[in-house]
Structures are given as structure tokens and as C-alpha cells.
Ligand SMILES: NC(=O)c1ccc[n+]([C@@H]2O[C@H](COP(=O)([O-])OP(=O)(O)OC[C@H]3O[C@@H](n4cnc5c(N)ncnc54)[C@H](OP(=O)(O)O)[C@@H]3O)[C@@H](O)[C@H]2O)c1
């Protein structure tokens, strides 16, 4: 196997895990924590050097690492990455579909391009991986698929329409997949975090992120939920209680009034939307 398609670093006989979007933030921290627990970890992302740093951290934590550079928005890349995992490990036990993007655009400057970019990554990037992994997991009669959605999925938030809508699509998609796969032995976990420190949240003003968690705290909660095979993993409870249980039942006029009082400060723009080699 060459460096372009992936690199086998060392071999073990423990859980085989895929994490998409592992060059920074939650994906990188999950990869290192799972390696610490002894898992074999396949990591994907577009930024080659950052992904290499993740692979080194995984190895330093004692884990085996497959480094797969490329975008989840390219179906042929996803198929190539999965073929690489299958040829090295024979398949996957966990697929953590974590890669995601988001940027703030007020609807007064509505950008269809912003929606296309966000949906290609947050929705289609998951769909391509689902298409790759579901048949083998169903055939094996086991496996866990976890999609990293967001508490932003539950109602439309100001300035983040494309992000909220893409995560809402993801939550619904995962729910349908879970229902369809019931009885096959394959578990589907929907993870909807609040605010967790990462490159995405580094661009926000901390005052706009109530109950912001340390990355390691977020990762601990996510991995515990996946390990238990929970259908829905929401946190922190202070936000998720309101967002998941109260907000969806509020009349629109009351909801609009509440969120119109939220005035998010200007975010730093997303670092770059262009492509794989950055
Ligand atoms: N942090 C939070 O507060 C929070 C809350 C709720 C949900 N989430 C979700 O958690 C997930 C992880 O985000 P994060 O907070 O850890 O932010 P992050 O540090 O920006 O990580 C995002 C990861 O996704 C990767 N990625 C983006 N586009 C990609 C593409 N087309 N192909 C492959 N990889 C891609 C990035 O790598 P490259 O740029 O190198 O490709 C990066 O590794 C996202 O789905 C996000 O929406 C985060």
C-alpha cells in the first residue's frame, strides 16, 4: 500500500474503527483516545500534514493507524479508502462519521453555494460512507455506525441555516437507517453535541457558546455513548434538555422571539473551503 492510499503502521487484533475528519478537533481526540484503549484506527481528512500528526499521536498512544488522505465529498475517494481498510483489516467494527463543516451566513446575504458546500460534507459525506460500510456490516451481523450531528439540528438557529439544516438532515437520515437496520445486528448512534472546543468553535466568541466543554470531556461522552450503543447521545444536559425536549414544542412565534434576542458576534470565517491539498 502506498502513502497516497493509506499507510499501515503496525498490527493488532482489537477493535477496528474508522474516524472521518480526524485531522483536528473531536475526530483527532477520539482517534488518540481509542488508540489509548488499544483500537486500530483508520483516520481520514484532507489536510495531509495535520492528518500525519494525528497518525503519529495515535501510534504514540499505542494504536495501529491507517492514514487516508482525501475528502468525504468524493464518492470514489470514499470507496478507495474503504477498499484500503478492507484489504488491511477485513472490515470495520465501528464507523464514526465525524467530518463536518459550518460557517456563519445571515440569510440577508443568502448563499446557495454555502448550502451546497455544507450539505456535500455534512450529509453526502456521511451518505457515501454509509453506502460503503452498511452491506459488509449487515453481512457480518454486527458493527456500530455513529454519525456526529449537533444540537443545532433541532430548530433553525440564526446565521447558521445551512449548518442547522444539514445536521437536521443527518439526524433524520440516521434515524431512518437505524430503523431499517433493526434486527441486523448493526447499531446506529446519533451524536448531537453542544459546544465543544475544536477548530470549529475556535472561530466563535466564547460568550456565544454556553456550557462550552473541553475537547476531552466531549470525546469521553461521545465514546461512552457509542460503546453503550445508545440511539441518541446528547450533551451537555443543560443545553440538550432545552434544545431537544423544549424548543421543538414551542410555538413558532415564541421560538422566533427567543432566538431573535440571540445576537451572535461575528465569527471568523471558515479557514478555507477549497479542497484536499491545503
Ligand atoms: N465542536 C463542537 O462544538 C461541535 C458541536 C456539534 C457538532 N460538532 C460536529 O463535530 C464534528 C467534528 O467537528 P470539530 O468540532 O471537531 O471541528 P474541526 O476541528 O473543524 O474538525 C472537523 C474535521 O472534519 C474534517 N473535514 C472537513 N471537511 C472534510 C471533508 N470534505 N473530507 C474529509 N474531512 C473533512 C476536517 O479535516 P480537513 O479540513 O483536514 O479535511 C477536520 O478534521 C463535525 O461534524 C461538527 O459539525 C462539533
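The values are calculated or read from the model by the stated rules, or taken from the named source; none is laboratory data. Please read all numbers here as calculations on a predicted model, not as lab measurements. Neighbour counts are summed over all protein chains in view; Cβ atoms, including those assigned to glycine, are modelled from backbone coordinates with ideal geometry.
Of all residues in the stretch 90-112, those that are closer than 30 Å to residue 137 by Cβ and touching a residue at least 60 places away in the same chain (Cβ under 8 Å) have Cβ atoms under 6 Å from Cβ atoms of residues that are within 16 Å of the ligand (Cβ to nearest atom) and part of a loop (DSSP other than H, G, I, E, B), 6 or more apart or on another chain, in 98/21; 99/21; 99/72.
Does residue 184 meet the test of being outside any strand (DSSP E or B), away from the ligand (no atom under 16 Å from the Cβ) and touching a helix residue (DSSP H, G or I) at 6+ places or on another chain (Cβ under 8 Å)? So residue 184 fits the description; yes. Counting residues in the stretch 46-55 that are under 24 Å from residue 173 (Cβ atoms) and in contact (Cβ under 8 Å) with a residue 24 or more places away in the chain gives one or more.
Given the structure, is residue 163 under 18 Å from the mean Cα position of the chain (by Cα), on the phi < 0 side of the Ramachandran plot and touching a residue at least 60 places away in the same chain (Cβ under 8 Å)? In short, yes. Has the stretch 44-63 got any residue that is more than 9 Å from the ligand (Cβ to nearest atom), in a loop (DSSP other than H, G, I, E, B), surrounded by fewer than 16 Cβ atoms within 10 Å (Cβ to Cβ) and at pLDDT 95 or above? No, the stretch 44-63 contains no residue that is more than 9 Å from the ligand (Cβ to nearest atom), in a loop (DSSP other than H, G, I, E, B), surrounded by fewer than 16 Cβ atoms within 10 Å (Cβ to Cβ) and at pLDDT 95 or above.
Please work out which residue is farthest from the ligand (Cβ to nearest atom), limiting yourself to the stretch 13-29 and to residues that are touching a residue at least 60 places away in the same chain (Cβ under 8 Å) and assigned to a helix (DSSP H, G or I).
Keep residues of the stretch 13-29 that are touching a residue at least 60 places away in the same chain (Cβ under 8 Å), which gives 15-22, 24-27, 29.
Next, only the ones that are assigned to a helix (DSSP H, G or I) stay: 25-27, 29.
Values: 25: 2, 26: 4, 27: 5, 29: 8 Å.
Once the filter is applied, the top-ranked residue is 29.
Every residue in the stretch 1-37 that is modelled with pLDDT under 95 and closer than 15 Å to residue 89 by Cβ, please. Correct list: 1, 5, 6, 7, 8, 9, 10, 11, 12, 13, 14.
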